[in-house]
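Quick note: the coordinates plus some simple rules give every number you see, no bench work behind them. Note that the structure is a prediction, hence the values are computed from the model and not measured. Heads up, the Cβs are rebuilt from the backbone with ideal geometry, glycines too, and the neighbour counts pull from every protein chain shown.
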Amino acid sequence: IAEVDEHMKKSGKRYYSNFYVGVSDNAVQRLFSEHHVSREESWWIYRTAKDADTARKVEKHYLDLGMRGGDEDRNDSSTMVYVYAVEPITTE
């Protein structure tokens, strides 16, 4: 959470609702292939949690603060938490 919060300060966005949070076993594919986040032009971050339960707690933390997202990807082994700034080019 601390690493994501610190990185968020660099995004230029003011509200949690400007971001999307998710959990996956392949954050790179989710970010760049499925959500269409630009590697070079967009703000994004992902981190690997120590286990799937911790990843879900981090996701819930940000959802409770108002980030967009959901729990549609229910792979119980997913440990990667990803966050990106929602832009006109991204797909939620």
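Below are the figures for this structure:
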read-out	value
Relative contact order %, segment 2-85, counting alpha carbon pairs below 8 Å whose residues are six or more apart	50 percent
Prolate/oblate/rounded label for segment 1-50 (Cα gyration tensor, a/c 1.5)	oblate
Dipole moment magnitude, nearest 20 debye, the chain about Cα centre, only Lys, Arg, Asp, Glu C-beta charged	300 debye
Using θ = phi - 60° and Karplus 6.51 cos²θ - 1.76 cosθ + 1.60, couplings along segment 42-49 (whole Hz; Gly, Pro as x)	9, 8, 7, 7, 9, 9, 9, 7
Two-decimal Rg/Rh across the chain, once Rg and the Kirkwood Rh are taken from alpha-carbon atoms	0.92
Of the GluC sites (Glu not before Pro) in segment 10-64, those whose Cβ has at most 16 other Cβ within 10 Å and which sit in DSSP loop	40, 41
